[in-house]
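Below is one structure, written out as C-alpha cells; comments come after it.
The values are calculated or read from the model by the stated rules, or taken from the named source; none is laboratory data. Values in this document were obtained by computation on a predicted structure and should not be read as measured data. For neighbour counting, all protein chains shown are included, and Cβ atoms are generated from backbone atoms with ideal geometry for every residue, glycine included. All accessible areas refer to the heavy atoms of the entire protein, side chains included, with ligands and DNA or RNA removed. Shrake-Rupley method; radii C 1.70, N 1.55, O 1.52, S 1.80 Å.
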Amino acid sequence: MQVIQLSDPHIDHRFPQKAAAFARAVAHVNTMPVLPDAVILTGDCTEHARADEYALFRDLLGALRVPVFLVPGNHDDRAALLELFPPPPTRLPDFMQYAVEDFPLRLIGLDTQRPGHGGGQLDRERLDWLEARLREAPERPTLLFMHHPPVRTGLDVMDGMDLRGREALCDLLLEHPQVLRVAAGHLHMNLTARFAHTTVMTCPGTDATLNPDLNRAAQLVVQRQPPMCLLHHWTPETGLNTFTQVIEPAPWHTLFDGQAWHDFERPNGAHHPH
Ligand SMILES: [Fe+2]
C-alpha cells in the first residue's frame, strides 16, 4: 500500500505561483508509474481561508486521480473544510478528525487546530477519541497524520507555534506500538524525530522545502529548496517505510532490469557488473 503525503499548499489569491506549485504536486502524483492508494494532505490548504482560495484549491485537487484525506492547519477554516471535504464516517463530530478504514494500513487524521492561534492543540476530547480508536484495533498497523508536529525544533518561531498536548499524546502512544509513524506538516521542512515508540516525520511544502539555519534560533533564516512530498509504503513484509520525493518532472530510468545494471550515462543495455 502506498500513500503520498502532500503538505502546506498555502493557496494564496495574491500569489498565483502557489497554485501553480500545487498543480505540479497533483501532476506528480497522477504520473506515478502506479497510482498510490491515497493522498494525505496535512493542512494549510490556503493562506487566508478565503472562499476564492478554497474554490481554487478544490478545483486543483479535483484533478487528483486518487482519494484524498485532509486535516486542517492553522491557516484553515475548519467549518469550510468540513463542508468542502466531508470526512469518513468514523469521525469525531465537529472536528476534521477521523479514521480511514479502507486500507491495510489504518490512517487516522487528527485535527490539531487551535482557532485563532498559529500553534496547535490536542485537548482531552480529541485525545480521548484517539485513544478509543487505538484501543479498538491494537493489531492494525496505523499511521497518524496531523498538521502540527509534536516536536521541539530548536527554532524559536516554530516552537512558539508548537503543539499543546504533545506530552499527553506521547503518553498515549507509548501504550500503542501499532502506530508506526506520525506524519505532520506545518514546518515546510524535512524533519525526522523520535516520539514515544514511533517516528515523527514532517513533510515539506508543495511550494518549497525550507532548509533552516539552526544556529540562528531567534530568527528564521532558510534556504529555499525544491518542493518535496513523502511516500509512505507499507507491506506486511517490510512494515512502513517512508521515502522522500522531490516534486520535479523527471523520466523514469531502469537502473537494474532484474538481470543487468544500466547506468544513467549508458542507458541502453550497457552491462555494469557489481
Ligand atoms: Fe501551519
If you scan region 250-262, which residues turn out to be within 25 Å of MET228 (Cβ to Cβ) and either touching a His at 6+ places or on another chain (Cβ under 8 Å) or free of Cβ contacts under 8 Å to residues at least 60 places away in the same chain (or both)? ALA250, PRO251, HIS253, THR254, LEU255, PHE256
Which members of region 150-178 meet the condition of being under 19 Å from ASN74 (Cα atoms) and assigned to a loop (DSSP other than H, G, I, E, B)? PRO150, VAL151, ARG152, THR153, LEU155, GLY160, MET161, ASP162, GLY165
Collect the residues in region 95-125 that are surrounded by fewer than 18 Cβ atoms within 10 Å (Cβ to Cβ), assigned to a loop (DSSP other than H, G, I, E, B) and more than 16 Å from the ligand (Cβ to nearest atom), keeping them in residue-number order. GLU101, ASP102, PHE103, PRO104, ASP123
Return the residues of region 141-160 that are surrounded by fewer than 17 Cβ atoms within 10 Å (Cβ to Cβ) and out of contact with any Ser or Thr (no Cβ under 7 Å at 6 or more places or on another chain); say none if nothing qualifies. ARG152, GLY154, ASP156, VAL157, GLY160
Return yes when GLN245 is open to solvent by 90 Å² or more (accessible area, probe 1.4 Å) and of a type outside the set (A, V, I, L, M, F, W, C) and no when it is not. no
Taking ALA49 and the conditions (1) open to solvent by 10 Å² or more (accessible area, probe 1.4 Å); (2) under 15 Å from the mean Cα position of the chain (by Cα), which numbered condition does it fall short on, given that it satisfies the others? (2)
Based on what the data block shows, is PRO87 closer than 22 Å to PRO249 by Cβ and in contact (Cβ under 8 Å) with a residue 12 or more places away in the chain? no
Among the residues of region 121-135, is any over 20 Å from ALA168 (Cβ atoms) and either without any contact (Cβ under 8 Å) to a residue 12 or more places away in the chain or among the aliphatic types (A, V, I, L, M) (or both)? no
Number of the exception - MET189 against (1) open to solvent by less than 40 Å² (accessible area, probe 1.4 Å); (2) without any contact (Cβ under 8 Å) to a residue 60 or more places away in the chain; (3) touching an Asp or Glu at 6+ places or on another chain (Cβ under 7 Å): (3)
